[in-house]
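Take a look at the structure below.
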Amino acid sequence: MHKVILDSDPGVDDALALYYLIRHPDIDLLGVTTVFGNASVGITTRNARFLLKAWGHDAPVHPGAAGPLTLDMPPEAYPVHIHGENGLGGYPVSDEAVDQPESAAQFLIDQVRANPGQVRILAVGRMTNLARALQLAPDIAGLVADVVIMGGAFRVPGNVTPAAEANIWGDPLAADIVFGAPWRVTAIPLDLTTRTFMTRGMLARLAAEGGPGMQLIADLSQDYVGFYAQSGYDGMLVHDCTAAVYLTDPGLFDLAQGEVRVLSQGIALGLTLMNPVTRHGPLAAWDGRPRQFAAVDGQPDAILSHIARTCVGS
Ligand code: BDR
Ligand code: CA
């Protein structure tokens, strides 16, 4: 069993990732930590609680950061045109308690220390909670099994700016801290996630065969599908769930390796830059950083099949 903590900003594609985790027989979901991103942290926390309740799962939800560690960030509007005003595509979400004080970083620290060498952190929002946990307790870097993130654009353009992918762009300093810590980070970036495209037809089939749990995913994804339709696509990208599949089926991913830096100012704010292992020369800003991993390629069709098998059983 993989002991997993999901750090997330639900978020339509986050919802599918969460469903994958709770459906997968080899995953023990220890908890969910939430972060601002697709909506405010109050909304993403409520959404995480709503989804878990709807699917009958009792994993705890711990609210995290309301804003970035990075100073002097450009003002950020939540992406309501993609995830809706309520973060779940306008799907009617019941009120859930969100009055807890921020506890995400401490939850991450406590779980990692209580399960040395076992916890896998899957972070599919801004990296702020992970960076805060590292600042509070640097020892956790040596105690986690690994960290898997949905984030970055290594050899392709970004989706917020030509340079940057949303999860990195939203707190580039936090991402730089996470890539620089002595733990294993595997990034599942836009290089691959922009090729894991679930067609409208596939989504409808999974909803028809998958019962109420999968029907909820299909219902809350309709506006998100509509967003892609405006650009001529008939379906949706499943960024965050692609990263979830890496936890269980790493053989479907082709990894590049190298030290990673993230730009935290200028027009290329949020750019992820990997120094390839084959490159030799003066490195300066990459010197002494740990080698990390990025899935610059992989098998999108097989990843989608794994999602279908896990979420529907077909
Ligand atoms: C990432 O940004 C968010 O909007 C999605 O949930 C995903 O985590 C894709 O760039
Ligand atoms: Ca997300």
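The values are calculated or read from the model by the stated rules, or taken from the named source; none is laboratory data. Everything numeric here is computed off the predicted structure, so don't read it as measured data. For neighbour counting, all protein chains shown are included, and Cβ atoms are generated from backbone atoms with ideal geometry for every residue, glycine included. The protein model used for the area step is the full one, side chains on, heavy atoms only, and it has no ligands, DNA or RNA in it. Shrake-Rupley method; radii C 1.70, N 1.55, O 1.52, S 1.80 Å.
Only one of these is outside any helix (DSSP H, G or I), under 24 Å from residue 110 (Cβ atoms) and within 13 Å of ligand 2 (Cβ to nearest atom): 31, 37. Name it.
On the way: 31 fails: within 13 Å of ligand 2 (Cβ to nearest atom).
Answer to the selection: 37.
Could you say whether any residue in region 50-67 is open to solvent by 10 Å² or more (accessible area, probe 1.4 Å), part of a helix (DSSP H, G or I) and within 11 Å of ligand 1 (Cβ to nearest atom)?
Checked region 50-67: no residue is open to solvent by 10 Å² or more (accessible area, probe 1.4 Å), part of a helix (DSSP H, G or I) and within 11 Å of ligand 1 (Cβ to nearest atom).
Being among the acidic types (Asp, Glu) and within 14 Å of ligand 1 (Cβ to nearest atom) is the filter; apply it to region 1-38 and report the residue that is surrounded by the fewest Cβ atoms within 10 Å (Cβ to Cβ).
That would be 13.
Starting from region 189-206, take each residue that is within 29 Å of residue 256 (Cβ to Cβ) and aromatic (Phe, Trp, Tyr) and list its partners that are outside any loop (DSSP other than H, G, I, E, B) and open to solvent by less than 50 Å² (accessible area, probe 1.4 Å), counting only C-beta distances under 6 angstrom and pairs at least six apart or across chains.
Going by the 6 Å Cβ cut-off, the qualifying pairs are 197/235; 197/237.
Any idea how many residues of region 189-205 are part of a helix (DSSP H, G or I), open to solvent by less than 30 Å² (accessible area, probe 1.4 Å) and of a type outside the set (Val, Ile, Thr)? Don't jump to the end; show me each part of the working.
So the first thing to find is which residues in region 189-205 are part of a helix (DSSP H, G or I), and the list is 190-193, 200-205.
Then drop every residue that is not open to solvent by less than 30 Å² (accessible area, probe 1.4 Å), which leaves 190-193, 203.
Next cut, of a type outside the set (Val, Ile, Thr) only: 190-192, 203.
The total comes to 4.
Looking only at region 117-132, count how many residues are away from ligand 2 (no atom under 13 Å from the Cβ) and in contact (Cβ under 8 Å) with a residue 40 or more places away in the chain. If you could, list the steps in order and put the result at the bottom.
Of the residues in region 117-132, the ones away from ligand 2 (no atom under 13 Å from the Cβ) are 117-121, 130-132.
If we keep only those that are in contact (Cβ under 8 Å) with a residue 40 or more places away in the chain as well, we get 118-121, 130-132.
Looking only at that region, the number is 7.
Just the residues that are open to solvent by less than 60 Å² (accessible area, probe 1.4 Å) and not polar (S, T, N, Q), please, taken from region 298-312.
Keep residues of region 298-312 that are open to solvent by less than 60 Å² (accessible area, probe 1.4 Å), which gives 298, 300, 302-308, 310-312.
Once the filter is applied, which keeps residues that are open to solvent by less than 60 Å² (accessible area, probe 1.4 Å) and not polar (S, T, N, Q), region 298-312 yields 298, 300, 302, 303, 304, 306, 307, 308, 311, 312.
Of 114, 65, which residue is away from ligand 2 (no atom under 16 Å from the Cβ), modelled with pLDDT of 95 or more and farther than 19 Å from residue 244 by Cβ? Steps first, answer last, please.
On the way: 65 fails: away from ligand 2 (no atom under 16 Å from the Cβ).
Being away from ligand 2 (no atom under 16 Å from the Cβ), modelled with pLDDT of 95 or more and farther than 19 Å from residue 244 by Cβ holds for just one of 114, 65, which is 114.
Working carefully through the options 118, 135, 106, 111, find the one that is open to solvent by 10 Å² or more (accessible area, probe 1.4 Å) and over 22 Å from residue 63 (Cα atoms).
Details: 135 fails: over 22 Å from residue 63 (Cα atoms); 106 fails: over 22 Å from residue 63 (Cα atoms); 111 fails: over 22 Å from residue 63 (Cα atoms).
Sole residue among the options that is open to solvent by 10 Å² or more (accessible area, probe 1.4 Å) and over 22 Å from residue 63 (Cα atoms): 118.
If you check every pair at least six apart or on different chains, which have Cβ atoms under 6 Å apart with a residue in region 80-107 that is closer than 22 Å to residue 228 by Cβ first and a residue that is within 16 Å of ligand 2 (Cβ to nearest atom) and of a type in the set (Lys, Arg) second?
Note: no pairs meet the criteria.
What strands (runs of 3 or more DSSP E), lying completely within region 206-294, carry at least 2 residues that are hydrophobic (A, V, I, L, M, F, W, C) and open to solvent by 20 Å² or more (accessible area, probe 1.4 Å)? Let's see the steps before the verdict.
Numbers: elements: 235-237, 253-262, 272-276.
Result: 272-276.
Restricting to region 159-187, name every residue that is among the charged types (D, E, K, R) and open to solvent by 10 Å² or more (accessible area, probe 1.4 Å). Let's see the steps before the verdict.
Taking region 159-187 as the starting set, the residues that turn out to be among the charged types (D, E, K, R) are 165, 171, 176, 184.
Passing the criteria: 176, 184.
With respect to the numbered conditions (1) in a helix (DSSP H, G or I); (2) within 16 Å of ligand 2 (Cβ to nearest atom), which one is the sole condition not fulfilled by residue 135?
(2)
For the structure I just gave you, tell me whether residue 224 is in contact (Cβ under 8 Å) with a residue 12 or more places away in the chain and either within 20 Å of residue 186 (Cα to Cα) or of a type in the set (Lys, Arg) (or both).
On the way: in contact (Cβ under 8 Å) with a residue 12 or more places away in the chain: yes; either within 20 Å of residue 186 (Cα to Cα) or of a type in the set (Lys, Arg) (or both): no.
Against the criterion (in contact (Cβ under 8 Å) with a residue 12 or more places away in the chain and either within 20 Å of residue 186 (Cα to Cα) or of a type in the set (Lys, Arg) (or both)), residue 224 does not qualify.
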